[in-house]
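Heads up, the thing below is written out as structure tokens.
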Amino acid sequence: MHTLIRAAGIAAIVAWPHFASADEGVQFELTPYAWLAGIDGTVTVAGREASFERSFSDLVDNVDAGLMGLGALSYNRFVLFGEYDYIDLGADGRVRADAGPRRFPAGTQIDGNLETQISTLAAGYRFGHVEGHSVDVLVGVRELEMDTELRALGESRSANSSTTDTIVMLRPSFRTSDRWRFNPTLSYAVSGDSDTHYELSPQIQYSFSDSFALRFGYRSLSYEESSGSEGTTSFREFDGEVSGALIGRTSSRRADRSSRRAASPRNCRGPSTSSLSPITRTGWASFLWSWRGIP
């Protein structure tokens, strides 16, 4: 499922220039961002409960790689939205007490790796557009995938978990001034693997031009899920939250009838570098830099 979500999102991003040049009222937005997230919550296993709390400053030294970004493609009032977060954490330490299926002795050096992927794909309809205000109502799917690997005494143990939920998403956009806009995102799981899952992400956007803006905000993803029968040794429960500040760079492009007339053979003699969209010149560069992990 996660492969299908990512493939659909990438296909939409790659295909957008064709639609932007052929249809009326097409708009595309691409935002690579940095999510300075921490994690806290509780885990219950076989009747034993443990709490944990790690801020971004606690985790940043263990980040090996990261890729985060969102994209939105709209045609008139129809909207396609995709978002992807990838975080690779690596750490090493020593066992404090005999532990594990084979009882690793205390003091054993252990190397660990955790890969987390959060993939979201949704589609819906845009309501409003009154005095610069609108609300996108979307339905889609979100998957949380976690792959864990532990290495000790020449052995390697791995485990993976996947949580997929159907979500309803609201993305209002309120224009507060010529350059400032309030763009919160709210989503809630209506079915799926989680007992409860929701997203709260208030964000503001400052526009330098029609095609370039900076985005600031906060994002919180909350998960509660359980398995097994409560009161038995098979019972497992996770109740946690991934949250933190968010900052990103938004590149956007709009193609309408008037812009196509201006670019038609009757009105221009040929392509020029200056007529290229800012997203062509700089947006893709930022996206690729984020993809490759280049600061």
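The values are calculated or read from the model by the stated rules, or taken from the named source; none is laboratory data. Since this is a predicted model, take the numbers as computed values, not measurements. All Cβ positions, even for glycine, are placed from backbone atoms using ideal geometry, and neighbour counts span all protein chains on display.
Numerical summary
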| item | result |
| --- | --- |
| Extreme residue, modelled with the lowest pLDDT, among residues of segment 82-113 that are hydrophobic (A, V, I, L, M, F, W, C), buried (at least 16 other Cβ atoms within 10 Å of the Cβ) and in contact with a helix residue (DSSP H, G or I) (Cβ under 9 Å, 6 or more places away or on another chain) | Leu89 |
| Single residue of Leu70, Leu59 found to be in contact with a strand residue (DSSP E or B) (Cβ under 8 Å, 6 or more places away or on another chain), closer than 22 Å to Leu246 by Cβ and at pLDDT below 75 | Leu59 |
| Failed criterion for Gln203 (all others in (1) in contact (Cβ under 8 Å) with a residue 60 or more places away in the chain; (2) buried (at least 17 other Cβ atoms within 10 Å of the Cβ); (3) of a type outside the set (D, E, K, R) hold) | (1) |
| Tally of residues being of a type in the set (A, V, I, L, M, F, W, C) and either in contact (Cβ under 8 Å) with a residue 60 or more places away in the chain or not in a strand (DSSP E or B) (or both) across segment 123-161 | 3 |
| Given (1) modelled with pLDDT of 80 or more; (2) at positive phi, index of the condition Gly47 fails | (1) |
| Residue ID - nearest to Ser51 (Cα to Cα), chosen from residues in segment 207-231 that are touching a residue at least 12 places away in the same chain (Cβ under 8 Å) and not in a strand (DSSP E or B) | Gly231 |
| Qualifying residues in segment 119-138 (those that are among the small types (Gly, Ala, Ser) and more than 27 Å from Ser162 (Cβ to Cβ)) - the one surrounded by the most Cβ atoms within 10 Å (Cβ to Cβ) | Ser134 |
| Residue among Glu149, Glu225 that is surrounded by 15 or more Cβ atoms within 10 Å (Cβ to Cβ), touching an Asp or Glu at 6+ places or on another chain (Cβ under 6 Å) and farther than 25 Å from Gly25 by Cα | Glu225 |
| Those residues of segment 129-145 which are over 17 Å from Ser191 (Cβ atoms) and either β-branched (Val, Ile, Thr) or touching an Asp or Glu at 6+ places or on another chain (Cβ under 7 Å) (or both), in sequence order | Val130, Val135, Val137 |
| Lone unmet requirement of (1) at pLDDT below 75; (2) surrounded by fewer than 18 Cβ atoms within 10 Å (Cβ to Cβ); (3) closer than 30 Å to Arg126 by Cβ for Ala12 | (2) |
| Within segment 175-206, tally of residues that are within 17 Å of Ser74 (Cβ to Cβ) and assigned to a strand (DSSP E or B) | 4 |
| Selection status of Tyr206, at pLDDT 85 or above and closer than 23 Å to Tyr84 by Cβ | no |
| Every residue from segment 167-187 that is of a type in the set (Ser, Thr, Tyr) and surrounded by fewer than 16 Cβ atoms within 10 Å (Cβ to Cβ) | Thr176, Ser177 |
